[in-house]
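The structure appears right after this line, and notes come after that.
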Amino acid sequence: MKPMMQRELERERPSNLWDTLVRIALIGSLAWLCFTAFSPFLKLMVWSIILSVNLYPAHQWLARKLGKRQGLASIILVVFGIALIVGPTWLLMNSFANSVHHFVGAVQQNALHIPPPPESIKNLPIIGNKIHTRWSKAQSDLPGLVETMQPKIGDLARQALSMVASVGGAMLLFMASFIVATIIMAYGESAGRSGRNIFSRIAGPSRGELLAKLSVATIRAVAQGVIGVAAIQALLIGLALMFAGIKIAGVLAIIALVLGIAQVPALVVTLPVIVYIWASGDYSTGAAVAHTIILLLAGMTDNILKPMMLGRGVDVPMPVILFGALGGMATGGILGMFVGATALALGYEIFMRWVASGPDSEPTEAKPGKVNAHSAVVS
């Protein structure tokens with residue numbers, strides 16, 4: 001009897017193994033097909049989740065003011081967001097196009113006034129004579145100089161067009177993500193439940209709830225520590241430029257805002273202005289020193305604000321958030337900044353809990369009140 005049962009078990013084992021392998025292959029193929037179909041919209045959905053997480057408190061405040069009408073609050077946010085994005089972008093692009101048109105017309109008519117080069121430029125090592133020669137040629141015969149540089153100008157024009165096209169594509173992606181984010185926020189409670197259920201299914205009920213709240217808090221901390229700091233610094237730089245009497249203070253402040261979000265030091269904007277203040281001769285020595293100090297301080301504000309705001313409200317050390325944001329920024333741009341910071345925060349939390357749950361370690365509880373998200377994913 002026993003040999004017969006043993007033979008039956010031996011026949012069933014290969015069959016069960018093949019069934020398992022076939023199921024794994026089918027599930028893997030289905031997952032790959034789903035990812036292939038969804039991959040064109042991956043950036044759109046990630047941006048939508050990030051925007052909905054950050055804007056959900058404002059959406060809920062507006063919905064309460066409107067009698068808990070979630071849909072109406074989303075519509076108002078969409079209209080306000082599109083007006084806020086499209087209006088300034090159209091004005092900037094229109095101003096840029098007009099400036100380029102006038103510049104090209106002035107070059108073609110030889111009506112562009114270029115001052116003669118100072119003789120001190122010749123004393124610059126290696127490139128001094130070349131700069132002086134080109135400057136003198138531009139001062140005497142600008143159309144002729146432009147004609148001799150036609151191939152280089154064509155390459156620069158193509159690069160400029162590709163840059164404008166990429167900026168336009170990014171703006172369209174952001175607008176579409178904003179619209180999808182408002183739809184997600186309109187169904188915020190169900191989206192929050194779904195997010196918590198996913199985390200709970202992966203990591204367990206108690207730990208999944210904590211990881212969901214940590215993800216929300218990390219995304220908001222990065223938004224405050226990067227976008228918020230960039231906005232504050234751009235405002236301070238704009239005020240400092242207005243105080244210094246710079247005519248294009250608003251344009252330079254917007255450039256500082258964009259560079260701050262891209263994690264480029266604002267000194268790229270303030271240092272040329274400082275050079276202009278000292279070289280123009282329109283400022284006394286005392287005024288030039290005062291404006292230099294103010295601009296240097298405004299340009300380095302992010303070094304003080306960023307460490308304070310990046311780890312705010314998150315039960316993870318600030319360097320973890322900072323390294324995750326910078327590493328994600330280096331590999332995936334602004335979107336990678338949020339993904340990198342969130343992934344590193346989750347990995348740090350999981351690793352530290354694994355360390356704390358060792359056989360010789362005492363169980364530790366999370367510090368209450370540190371991760372202060374209302375709910376997961378969009379809350």
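Quick notes
- The convex hull drawn around the Cα atoms of segment 285-324, when projected onto a plane and averaged over every direction, covers 3.2 nm².
- For the pair segment 277-292 and segment 57-73, the centres of their Cα atoms are 51 angstrom apart.
- Stretched out straight at 0.36 nm per residue, the stretch from MET171 to PHE41 would grow longer than its current Cα-Cα span by 45.3 nm.
- Shape annotation for segment 181-249: C-alpha extents along the principal axes are 59, 25, 12 Å, from largest to smallest.
- Solvent-accessible area of PHE243 with every protein chain in place, 1.4 Å probe, in Å² to the nearest 10: 140
- Sequence of ILE198, ILE49 from largest to smallest accessible area, 1.4 Å probe: ILE198, ILE49
- Within the accessible area of segment 166-205, the carbon and sulfur atoms contribute 70%, probe 1.4 Å, all protein chains present.
- Which listed pairs, of LYS65/LYS213; LYS130/LYS247; LYS213/LYS306; LYS65/LYS247; LYS43/LYS65, have C-alpha distances above 29 Å, in listed order: LYS130/LYS247; LYS65/LYS247; LYS43/LYS65
- Counting heavy atoms of the protein chains alone, ILE232 has an accessible area of about 70 Å² for a 1.4 Å probe.
- One quarter of the surface of the convex hull around the alpha-carbon atoms of segment 231-274 equals 2.5 nm², the direction-averaged projected area.
- Whole-percent carbon and sulfur share, accessible surface of segment 267-320, 1.4 Å: 72
- The 1.4 Å probe gives accessible areas that order MET352, MET45, MET185, largest first, as MET352, MET45, MET185.
- Residue-level accessible surface for ASP302, protein heavy atoms, 1.4 Å, Å²: 30
- Per residue, segment 225-337 exposes 49 Å² of solvent-accessible protein surface, assessed with a 1.4 angstrom probe and all protein chains in place.
The values are calculated or read from the model by the stated rules, or taken from the named source; none is laboratory data. Small disclaimer: the values here were computed from a predicted structure and weren't measured. Just so you know, the surface numbers come from the protein's heavy atoms only, side chains and all, with ligands and any DNA or RNA stripped out. Shrake-Rupley method; radii C 1.70, N 1.55, O 1.52, S 1.80 Å.
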